[in-house]
Amino acid sequence: MADNRNRNVKPANGKPPPAAAANPFTINLDNFSKRLKLLYSHWNKHGADLWGGSSALVIATPPISEDLRYLKSSALNIWLVGYEFPETIMVFMKKQIHFLCTQKKASLLDVVKKSAKEAVDIEVIIHVKAKGDDGTGLMDTIFRAIYSQTNSGDHDVPVVGNISREAPEGKFLETWDEKLKNAKFELTDVTNGFSDLFAVKDETELTNVKKAAFLTTSVMRQFVVPKLEKVIDEERKVTHSALMDDTEKTILEPARIKVKLKAENIDICYPPIFQSGGEFDLKPSASSNDENLYYDSTSVIICALGSRYNSYCSNIARTILIDANSKQSKAYEVLLKAQEAAISALKSGNRVSSVYQAAVSVVEKDAPELAANLTKTAGTGIGLEFRESGLSLNAKNDRILRPGMVFNVSLGFQNLQTETKNPKTGKYSVLLADTVIVGEKVPDILTAKSSKAVKDVSYSFNEDDEEEEKLKVKTEDNGNETLFSKTTLRSDNHEMSKEELRRQHQAELARQKNEETARRLAGGGANAGDSRGAVKTVGDLVAYKNVNDLPPPRDLMIQVDQKNEAILLPIYGSMVPFHVATVKSVSSQQDSNRTSYIRIIFNVPGTSFTPHDANSLKFQGSIYLKEVSFRSKDSRHILEVVQQIKTLRRQVNSRESERAERATLVTQERLQLASAKFKPIKLHDLWIRPPFGGRGRKLTGSLEAHTNGFRYSTSRPDERVDVMFGNIKHAFFQPAEREMITLVHFHLHNHIMVGNKKTKDVQFYIEVMDIVQTLGGGKRSAYDPDEIEEEQRERDRKNKINTEFNNFVNRVNDLWGQPQFKPLDLEFDQPMRELGFHGVPHKASAFIVPTSNCLVELIETPFVVITLNEIEIVNLERVGLGQKNFDMTIVFKDFKRDVLRIDSIPSTSLDGIKEWLNTTDLKYYESRLNLNWRPILKTITDDPEKFIEDGGWEFLNMEVSDSESENSEESDQGYVPSDVQSESASEDEDDDSESLVESEDDDKEVSDEDSEEDDGKTWEELEREASCADKAKRDDSDSEEERKRRKMKAFGKARAPEKRNPGGSLPKRPKLRLYDAARH
């Protein structure tokens, strides 16, 4: 316990002042005047109800005590004059204020006389009690003043308000209390009046509360949580009381955690509370016992602490879950949701009762069985008192919330039961508490930086311990001689069981996935319509509105009007204008007689490859000029005209393309810039991808986080991009480790324009290393001091940049943690490099890494950002023995969307990818061939019922398909060894005709297998045999069974979903396609 708790100390900071001669304390007269005026206006306005119709207020402050307590009289002292005056009596009347105190206190209070007169025109009279005097004579003087100045009105005697709940302490106050009761006064309790007066805090008070909350949050984040993690990790035995003492010392000495607050202004609200091991008390009066911290599996730890700054309180409580079971996790998640609902209800104009009702509604909806265990209140008002009377957040309080009120929102489930054999974990409670300021629109959570998300409070420490315990038991049962063999067997069994568990999980995922797909297809979730290759539309083409706008002719020569984007052609002696957008192509040539020709071809309806724009559809019945040619002796003019037309066409097409892109953009909200009072969060000297267009030198810019979005801008006024928080789907932060850049990346819901480019991905980055080339060209020594210094500078630069980005990301995460952004569910995700793998998603090899919600590649362009919950299934293709790499095909839930292929993944990454897919609940299949997915998806969307009837995605199950095909072949044909080779060859050839094998590695594999089967034959013999087999195959007609089998082969030797109409089966591609693809 600390020695300097709230011992009813004199100053607000918790320390008694020194002797009067050297008294450095002065009363803030501005605060005194303002608050005295507020006291009298509140008293006059609410005198009949909150102040009990009192005509005088009598407040007696008790002497110093070692007990930790909160009193209204002490709170009034600190609120009004900034210090607490023990054994002092204050009497407020309509025309006078009387103080009865010792000489030292009187000298300090003497300065308020003038301020009181100026503020409320009230006289301050100070009665000095001499040492050894019991003060009865001075008390009688005060009573006579009350009689003379108060107007009894409807009452026979004056009504005097006092704080009835505070019992007198010490001989002086006991004498005062006895004389007050014996005097002819009608006493009334004015506690509610003071509670309402203190409820709304001014700016100075809110600053004190914020500083207290900052200290409380810092202690929880930087001391309590790391301390508990270390204790549990090292399996140390530490008592709750020892943790309490260490935490208390940290609060009282903020320099320990590098918090720059003066220690003399700081105190604790209550001794920090640590509870575990089945014994829980959710009341603030609870204490930390001398039992050891209990952190075995399914245990719960509750820690709560509060600090004061200049006597203003703050509070926080967090629950830590160790290897939580499903019941404990659900209880915590429901509590977190209920507390967030309660905090969201703290809005100006709401009733206090609505806060608790919001929490109850969540519990009754999500976990009605826990409603009986919910605490009876959602917290209390907090300020100079830890629990402000009259501001309890319960279901019966009908007071109205006002801006500036501060609450300790504390909610918990108590005395919960869970099924466990351990009595110390069978009974548990969960608790959450935060300090919150009521705002005009949204509340301000002062302790939000201490995370309470499930992922941040859930710990799993015992997985390795369980494995070690099993091994230990086996070792004790068997001798040392069998230790190695048993351990080895156990390891093998463990690996086998792990693979078996994965298979079982995948089987369950297959069942769930087929049910989900069936529901979605039945509901029309994936339509057969194909949105690929949407045509661009161009507006009405008008070069000139009337004939008078035509430029004057120049000797019937071809003219290019850049301003009106038109070409004027001399036709039959007249200049006929054509808009440049109607020109399909223009060319020129010269014959042997130096005569030049220009040929202009126009876009007309009905010709191949003509875009069906709005103009051709609008004037389908009109007569179109398809082509025109001109001859000229002036070859220079012909070349100039061709160049002008091409340039103008390029400009118009670019503009129209950009206009069409912008036409499809979703309208974004306007960016609200941060006010000058709150500086925006910034990152400087960033590059952007995609870059702005233009031929000028590229410039770096700065990224700023404002009220509702980000703004990136360079020194050029036209280079600016706004990214709204509401448009961000995923946010990523990737520090430079093995890469050359550190970046933040935003994947958006809707496209935005960056320059003239339409994009859903915006990235901001800094290059952490400069590319340096040695001028000498020689290899430098590893011990060269300049080389070592250069490497150190590069490391320092990389660390500095990573730290700056990390600070930016943390501050933005804190901003997104505010209640108004909770529905957006935004948080920066960081790629997990240890799960990454190399592959080719587009044209270049890249390192692809998973995050908690996505699979991303953010270094090479175009970027890859795949949302995991949008994935239907993953098919691992070209998987087989002897393969050095394989491909991954990602099929999306939107069947209209093209699949994404990641090629050439090293086979060493196969097991890791399988494990990752399994742990993220993604169903994967394996196949030996690449599949042609576009016709497969079209077949599914054309006839979804047939797809479901045929087992859904199980046609991709290689094990089931292989076993079924083998059984069918055995039953139909029996064992015919002479036909095996030719049949295999024909199937391989059919695969080629289907153009499903797209990589050269597959061709090599097939040829390798053939060479192994025909061991001892030369390549020439094999080629002759293959040619003969091909010729024989073409001569013979195929049987019905073989055609069916090859059709199945088109879908990867599996049960393909067939359409009900036999005539609608997937067409085969000609062989020429395969050879063309191979050349490219």
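The values are calculated or read from the model by the stated rules, or taken from the named source; none is laboratory data. Treat the numbers as computed from the prediction; the structure is a model and nothing was measured. Cβ coordinates were reconstructed from backbone atoms using ideal geometry, including for glycine residues, and neighbour counts include every protein chain displayed. For accessibility, only protein heavy atoms count, side chains too; no ligands or nucleic acids. Shrake-Rupley method; radii C 1.70, N 1.55, O 1.52, S 1.80 Å.
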Cβ-Cβ under 7 Å pairs, at least 6 apart or on other chains, region 388-406 side without any contact (Cβ under 8 Å) to a residue 24 or more places away in the chain, far side surrounded by fewer than 16 Cβ atoms within 10 Å (Cβ to Cβ): none
Taking only pairs six or more apart or across chains, which ones have beta-carbon atoms under 6 Å, a first residue in region 256-285 that is over 24 Å from residue 387 (Cα atoms) and in contact (Cβ under 8 Å) with a residue 60 or more places away in the chain, and a second residue that is open to solvent by 20 Å² or more (accessible area, probe 1.4 Å) and in a strand (DSSP E or B)? 278/427
Evaluate region 756-771: report whether one residue or more is open to solvent by 40 Å² or more (accessible area, probe 1.4 Å), modelled with pLDDT of 90 or more and touching a Leu at 6+ places or on another chain (Cβ under 9 Å). yes
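For region 853-867, name all the residues that are among the polar types (S, T, N, Q) and more than 16 Å from residue 728 (Cα to Cα).
To start, the set of residues in region 853-867 that are among the polar types (S, T, N, Q) comprises 853, 861, 867.
861 - this is the single residue of region 853-867 that is among the polar types (S, T, N, Q) and more than 16 Å from residue 728 (Cα to Cα).
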Filtering region 85-107 down to residues that are within 55 Å of the chain's Cα centre (by Cα) and open to solvent by 30 Å² or more (accessible area, probe 1.4 Å) yields 87
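Of everything in region 404-458, what is at positive phi and open to solvent by 30 Å² or more (accessible area, probe 1.4 Å)? Give them in sequence order.
In the first step, residues of region 404-458 are kept if they are at positive phi; the result is 404, 415.
Across region 404-458, the qualifying residue is only 415.
State all residues of region 710-729 that are under 21 Å from residue 853 (Cα atoms) and open to solvent by less than 30 Å² (accessible area, probe 1.4 Å); if no residue qualifies, say none.
To start, the set of residues in region 710-729 that are under 21 Å from residue 853 (Cα atoms) comprises 723-729.
If the condition is that a residue be under 21 Å from residue 853 (Cα atoms) and open to solvent by less than 30 Å² (accessible area, probe 1.4 Å), then 723, 724, 725, 727, 728 are the ones that fit.
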Which of the residues belonging to region 924-940 are open to solvent by 20 Å² or more (accessible area, probe 1.4 Å), closer than 18 Å to residue 892 by Cα and in contact with a helix residue (DSSP H, G or I) (Cβ under 8 Å, 6 or more places away or on another chain)? 924, 926, 932
Among the residues of region 310-340 satisfying the criterion of being in contact with a strand residue (DSSP E or B) (Cβ under 9 Å, 6 or more places away or on another chain) and basic (Lys, Arg), which is surrounded by the fewest Cβ atoms within 10 Å (Cβ to Cβ)? 327
Selection from region 859-915 of residues in contact with a Gly (Cβ under 9 Å, 6 or more places away or on another chain), part of a strand (DSSP E or B) and not aromatic (Phe, Trp, Tyr) yields 875, 877, 885, 887, 888, 902, 903, 904, 905, 906
Step by step: first the residues of region 537-593, then only those that are without any contact (Cβ under 8 Å) to a residue 60 or more places away in the chain and in a helix (DSSP H, G or I), then the one that is most open to solvent (accessible area, probe 1.4 Å). Which residue is that? 548
In the set 700, 742, 707, the lone residue that is crowded, with 20+ Cβ neighbours inside 10 Å, of a type in the set (Ser, Thr, Tyr) and over 15 Å from the mean Cα position of the chain (by Cα) is 742
For residues that are touching an Asp or Glu at 6+ places or on another chain (Cβ under 8 Å) and either modelled with pLDDT of 85 or more or not in a helix (DSSP H, G or I) (or both), tally how many sit in region 635-673. 3
From the residues in region 33-84 that are free of Cβ contacts under 8 Å to residues at least 12 places away in the same chain and among the polar types (S, T, N, Q), which one is surrounded by the fewest Cβ atoms within 10 Å (Cβ to Cβ)? 44
Condition met for residue 379 (in contact (Cβ under 8 Å) with a residue 24 or more places away in the chain and either under 27 Å from residue 333 (Cα atoms) or surrounded by fewer than 15 Cβ atoms within 10 Å (Cβ to Cβ) (or both)): yes
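Have a look at 858, 876 and point out the one that is over 26 Å from residue 686 (Cα atoms), modelled with pLDDT of 90 or more and hydrophobic (A, V, I, L, M, F, W, C). Can you show your working first?
Numbers: 858 fails: over 26 Å from residue 686 (Cα atoms).
Matching residue, one of 858, 876: 876.
Check 489, 501 and return the single one that is hydrophobic (A, V, I, L, M, F, W, C), at negative phi, open to solvent by 70 Å² or more (accessible area, probe 1.4 Å) and at pLDDT 50 or above.
Only one candidate qualifies: 501.
Being in contact with a strand residue (DSSP E or B) (Cβ under 9 Å, 6 or more places away or on another chain), within 14 Å of residue 409 (Cβ to Cβ) and either surrounded by 21 or more Cβ atoms within 10 Å (Cβ to Cβ) or aliphatic (A, V, I, L, M) (or both): is that true of residue 359 here? Quick ask: steps written out before the conclusion?
Values: in contact with a strand residue (DSSP E or B) (Cβ under 9 Å, 6 or more places away or on another chain): yes; within 14 Å of residue 409 (Cβ to Cβ): yes; either surrounded by 21 or more Cβ atoms within 10 Å (Cβ to Cβ) or aliphatic (A, V, I, L, M) (or both): yes.
Against the criterion (in contact with a strand residue (DSSP E or B) (Cβ under 9 Å, 6 or more places away or on another chain), within 14 Å of residue 409 (Cβ to Cβ) and either surrounded by 21 or more Cβ atoms within 10 Å (Cβ to Cβ) or aliphatic (A, V, I, L, M) (or both)), residue 359 qualifies.
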From the option list 211, 181, 171, 117, single residue qualifying as farther than 25 Å from residue 45 by Cβ, open to solvent by 40 Å² or more (accessible area, probe 1.4 Å) and under 57 Å from the mean Cα position of the chain (by Cα) is 211
May I ask you to verify whether residue 336 is outside any helix (DSSP H, G or I) and within 28 Å of the chain's Cα centre (by Cα)? no
Qualifying residue in region 784-800 (condition: at pLDDT below 80, farther than 30 Å from residue 864 by Cα and surrounded by 13 or more Cβ atoms within 10 Å (Cβ to Cβ)): yes
Taking interchain pairs and intrachain pairs at least six residues apart, which have beta carbon atoms under 8 angstrom, with the first residue in region 799-818 and in contact (Cβ under 8 Å) with a residue 24 or more places away in the chain and the second surrounded by fewer than 19 Cβ atoms within 10 Å (Cβ to Cβ) and part of a helix (DSSP H, G or I)? 815/821; 816/824
